[in-house]
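Student: The following block contains the structure, expressed as structure tokens.
A short reminder: the numbers here are calculations on the coordinates, not readings from a lab. Because the structure is a prediction, the values reported are computed rather than measured. Positions of Cβ are generated from backbone atoms using ideal geometry, with glycine treated the same way; all protein chains shown enter the neighbour counts.
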Amino acid sequence: MRIGILTGGGDAPGLNIAVYTLTKLLERKHEVYAIFHGWRGILDKEVRRVTSKDLIDFAFTGGTFIRTSRTNPFKDEARVETFARNLKELGLDVIVAIGGDDTLSAAAQTQARGLANVVGIPKTIDNDVYGTDYTIGFDTAVNEAIRVTESFKTTLISHERIGIVEVMGREAGWIALFTGLATMADFVLIPERPVNWDVVANRVKEVYRDRGWALVVVSEGIKEYGGPRDEFGHSRLGGVGNELAQYIEKITGFETRAVVPGHIIRGVAPTAFDRVLAVRFATETHSLIEDGDFSKMVAYRNGDIVNIPITEILGKNRLVSGYWMRLYEIYWGL
């Protein structure tokens with residue numbers, strides 16, 4: 001078979017390992033094609049046959065060797081026609097889409113419309129893909145966010161300041177929650193749990209008066225600032241950390257600084273967990289393809305690698321809830 005692999009949406013540590021491992025498994029019996037720049041690669045016919053030898057030098061780095069984009073192949077009917085025509089001309093029997101909910105939703109539509117057989121692999125540092133406990137890239141991003149936060153904490157202690165760390169997370173606060181738990185932050189703000197900023201300022205003021213410094217971790221998605229949207233309808237986020245710092249300093253009178261690790265936390269080399277997760281996802285994907293079991297997304301559940309119908313993720317996000325929300329309430333509830 002002719003099998004295409006693409007990575008769509010934001011880059012995430014572990015993508016290259018997933019692409020390399022899957023290519024190494026598939027090339028024994030099939031032709032493997034890299035689809036460059038995500039779904040845009042099909043619209044522009046940026047498709048090239050590759051071997052594992054082409055990919056090995058990049059396998060253990062962050063980012064994605066085959067590039068990415070936030071292109072929606074179903075944005076309008078004219079684009080859909082081009083997409084369908086190019087798929088037919090390229091002659092790909094299967095497309096492996098590695099991405100978050102937007103990329104995987106496009107994959108589900110591709111299968112539902114009968115344009116191609118698909119298998120999905122979940123990746124995103126936000127960890128918000130429905131149906132899986134972990135996505136490729138999340139563990140690495142959290143570990144890097146923790147490293148930055150602990151470094152920042154030492155300066156807060158030294159200068160007796162209040163510090164705000166703004167981390168990524170659009171609709172789901174997983175990165176902020178895990179970073180806050182791992183560093184024992186004095187307050188964490190996540191999109192799933194709206195909190196009045198006066199409450200945060202008062203809590204921080206109490207902590208500061210007790211020990212002379214305080215730390216707050218905030219998810220970028222707690223506030224949108226408008227502006228242009230991407231092809232999936234998402235606006236650009238960022239800026240809430242600095243705004244919160246100014247607000248807290250005004251209310252408390254204590255010097256407050258903000259840091260925004262931003263894309264740094266997703267550009268580093270993958271952790272052992274993400275490396276092994278990428279290999280396990282690629283291995284399950286290979287089995288699905290060999291069995292002709294398409295329209296599935298591989299997933300991590302309770303330590304096992306399973307697969308679910310890819311249509312199950314349509315219109316859904318995995319948000320902080322249940323046990324994890326209870327844990328949040330224990331430490332930062334009102």
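Student: Relative to the Cα centre, what is the charge dipole magnitude of the range 141-267, using +1 at the beta carbon of each Lys and Arg, -1 at the beta carbon of each Asp and Glu, and rounding to the nearest 20 debye?
Tutor: Roughly 160 debye for the range 141-267.
Student: Ratio of the range 141-267's C-alpha Rg to 2.2 N^0.38 Å, to two decimals?
Tutor: 1.01
Student: Quick check: Cα centre of the range 165-201 to Cα centre of the range 255-278, how many Å?
Tutor: When both Cα centres are located, 16 Å separates them.
Student: Assuming R0 = 30 Å, can you tell me the calculated FRET efficiency for the pair Lys75 and Lys316, based on Cβ-Cβ distance, to the nearest 0.05?
Tutor: With R0 = 30 Å, the Cβ-Cβ based efficiency is 0.90.
Student: Placing unit charges on C-beta atoms (Lys and Arg positive, Asp and Glu negative, everything else neutral), compute the dipole magnitude of the chain about its Cα centre in debye, rounded to 20.
Tutor: Roughly 360 debye, rounded to the nearest 20.
Student: Going by average Cβ density within 10 Å per residue, which order do the peptides 35-47, 241-253, 2-14 take, highest to lowest?
Tutor: 2-14, 35-47, 241-253
Student: If you wrap the range 13-147's Cα atoms in a convex hull and average its projection over all directions, what's the area in nm²?
Tutor: One quarter of the hull surface, i.e. the mean projection, equals 8.5 nm².
Student: Take every DSSP beta bridge with both residues inside the chain and express the antiparallel ones as a percent of the total, to the nearest 5.
Tutor: 25 percent
Student: For the range 149-201, what does the alpha-carbon gyration tensor say about shape, rounded, prolate or oblate, given a ≥ b ≥ c as the root eigenvalues, a/c under 1.5 as rounded, and a/b over b/c as prolate?
Tutor: Here the range 149-201 falls in the oblate category.
Student: Full-extension gain between Glu206 and Ser158, please, as 0.36 nm times their residue separation minus the C-alpha to C-alpha distance.
Tutor: 15.4 nm
Student: Let me ask something else. Would you tally the net charge around Pro13, using a Cβ to Cβ cut-off of less than 10 Å, leaving Pro13 out, and scoring K and R as +1, D and E as -1?
Tutor: So the environment of Pro13 carries a net charge of -1.
Student: Normalised radius of gyration for the range 197-334, please: alpha carbon Rg relative to 2.2 N^0.38 Å, two decimal places.
Tutor: 1.45
Student: Another question, if that's okay. Among DSSP bridges having both ends in the range 141-267, what percentage is antiparallel? Round to the nearest 5.
Tutor: Antiparallel bridges: around 5 percent, rounded to the nearest 5.
Student: In which sequence would Met297, Met325 go, from the one with the fewest C-beta neighbours within 10 Å to the one with the most?
Tutor: Met325, Met297
Student: Another one. Of all alpha-carbon pairs in the range 247-287, indicate the percentage at a distance above 12 angstrom.
Tutor: 73 percent
Student: Something else now. Want the number for Glu243 to Lys29: 0.36 nm per residue separation, take away the alpha-carbon distance, what's left?
Tutor: 71.5 nm
Student: Moving on to the next point. Per the Kirkwood treatment, what hydrodynamic radius in Å, one decimal, follows for the chain from the mean inverse distance over all distinct Cα pairs?
Tutor: Taking every pair of different Cα atoms in the chain, averaging 1/r and inverting gives 20.7 Å.
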